[in-house]
1. State the number of residues belonging to region 19-64 that are of a type in the set (V, I, T), in contact with a Ser or Thr (Cβ under 7 Å, 6 or more places away or on another chain) and under 15 Å from Y92 (Cβ atoms).
2. Return the residue satisfying two criteria in turn: it lies in region 158-189 and is over 18 Å from A116 (Cβ atoms) and in contact with a Gly (Cβ under 9 Å, 6 or more places away or on another chain), and of such residues it is least open to solvent (accessible area, probe 1.4 Å).
3. May I ask you to say which residue of V137, V121, V109 is of a type in the set (A, V, I, L, M), without any contact (Cβ under 8 Å) to a residue 12 or more places away in the chain, part of a helix (DSSP H, G or I) and on the phi < 0 side of the Ramachandran plot?
4. Filtering region 74-106 down to residues that are under 17 Å from A163 (Cβ atoms), assigned to a loop (DSSP other than H, G, I, E, B) and not basic (K, R), which residue is modelled with the lowest pLDDT?
5. Applying the selection to region 124-134, what residues are free of Cβ contacts under 8 Å to residues at least 60 places away in the same chain and assigned to a helix (DSSP H, G or I)?
6. Looking at this structure, is T149 open to solvent by 40 Å² or more (accessible area, probe 1.4 Å), under 16 Å from A30 (Cβ atoms) and modelled with pLDDT under 95?
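The values are calculated or read from the model by the stated rules, or taken from the named source; none is laboratory data. Remember, it's a predicted structure, so these values are computed and weren't measured experimentally. Cβ: placed from backbone, ideal geometry, glycine included. Neighbour counts: every protein chain shown. The protein model used for the area step is the full one, side chains on, heavy atoms only, and it has no ligands, DNA or RNA in it. Shrake-Rupley method; radii C 1.70, N 1.55, O 1.52, S 1.80 Å.
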Amino acid sequence: MNAARRDAPERQHLLSRLSGHGGVLVAVAALLVYANTLANGFALDDVPIVQTNPNVTAAGPAGRAWTTPYWPQSNRGDRDDLLYRPLTIQTYRWQYALGGATAWPFHLVNLLLHAAISVGVWWLARRLGAGVAGALVAGLIFAVHPIHTDAVSNIVGRAELLAAAGTLLAVICALTARQRAGARDNRRAIMWWVAAWAAAAAALASKENGVSALALVAFLASGLWRPS
């Protein structure tokens, strides 16, 4: 009994440190596990979508990514895949304008996005009431899970990463808006709701499964779910 009492302050101190540095630990884990993707080149769909895509590489109207399909050949009848992911293509265009057709910067952005999303998972777990250890485990599992390999290691996986980031941000903003509304801070609540809908729209503009972000924000706005 006495030993347990003596160990209690040490455990509390450890949990306090984990609470303050949990996000850093999650980010480091995500970066270390997928750091080897920086050596990858352009492969498979990376070539037509990024490396040789005129909507990415050619000089022209800055908004052309928003007026053409995701697959560059779709509008000429060579393909029947009329996907529309303008925000994803726009990020490739910005990167190409800055650094040209060098593969590793594109992979670096994917890696950083994955690390940021992993930290977001940790933060959301804490926000939803998970304990320090539970949130850290959730963040670490997400950070190192091999299911994310395709999204992180392939440049075209950025569509998935951006959609996930937008969805996560939309949920966090919506939860914050509800908190502000509960505190009768209506002006800031409205600002957070606007941010939530904007993030959800960004998720949808990144990949079609981002529509789930719109559904989640609408659900949180409805008030049908109340966190304990």
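1. Total satisfying the criteria: 0.
2. Per the stated criteria, the residue is A189.
3. Among V137, V121, V109, only V137 is of a type in the set (A, V, I, L, M), without any contact (Cβ under 8 Å) to a residue 12 or more places away in the chain, part of a helix (DSSP H, G or I) and on the phi < 0 side of the Ramachandran plot.
4. Only one residue tops the list, namely L83.
5. Within region 124-134, L124, A125, R127, G134 meet the criteria.
6. Numbers: open to solvent by 40 Å² or more (accessible area, probe 1.4 Å): yes; under 16 Å from A30 (Cβ atoms): yes; modelled with pLDDT under 95: yes.
Criteria met by T149.
For (1) more than 21 Å from A29 (Cβ to Cβ); (2) modelled with pLDDT of 95 or more, each residue gets a yes or a no:
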position	(1), (2)
A125	no, no
G131	no, no
G166	yes, yes
T176	yes, no
R180	yes, no
A183	yes, no
I190	yes, no
L204	yes, yes
